[in-house]
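J.: Here it is, the structure in full.
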Amino acid sequence: MKPGRREYLDWLRGVAVLIMIGSHTIDSWTVVADRGRTAYRYAISIGGFGAPVFLFLAGIALMLAAGQRLRRGESESAAAAAVPGKSLASHFSSGSRRGR
């Protein structure tokens, strides 16, 4: 691992992926007659959190990466350009720095 890397974010993203895989597997392999059971409903409900949690953690990782570049002295536009995704780049370049 790189020094300064937050390993817990990688672990949490991995857990989110495993939740998504488990949910899809349970959904695919459950007999139709058993889909009304409580255990199935709980498993699918929990599985529904996998993708949103993964995307939330990915967003946190992107913002931490951009912040690290800013702390290293890079310009806001360089930090935004180095991080993939239009929303972050447009945030830095659209004049959202009002009040400075």
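The values are calculated or read from the model by the stated rules, or taken from the named source; none is laboratory data. Fair warning: this is a prediction, and the values are worked out from it, not measured in the lab. In this analysis, Cβ positions are derived from the backbone assuming ideal geometry, glycine residues included, and neighbour counts consider all displayed protein chains.
J.: Consider Ser96 carefully, then state whether it is at pLDDT 85 or above and either outside any helix (DSSP H, G or I) or surrounded by fewer than 12 Cβ atoms within 10 Å (Cβ to Cβ) (or both).
T.: Answer is no for this residue.
J.: Report yes if Phe49 is at pLDDT 85 or above and in contact with a helix residue (DSSP H, G or I) (Cβ under 9 Å, 6 or more places away or on another chain), otherwise no.
T.: Criteria met by Phe49.
Residues are listed down the side, and each one gets a yes or a no for (1) in a helix (DSSP H, G or I); (2) aromatic (Phe, Trp, Tyr); (3) touching a Gly at 6+ places or on another chain (Cβ under 8 Å):
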position: Ile19; (1), (2), (3): yes, no, yes
position: Gly36; (1), (2), (3): no, no, no
position: Tyr42; (1), (2), (3): yes, yes, no
position: Ile46; (1), (2), (3): yes, no, no
position: Leu57; (1), (2), (3): yes, no, no
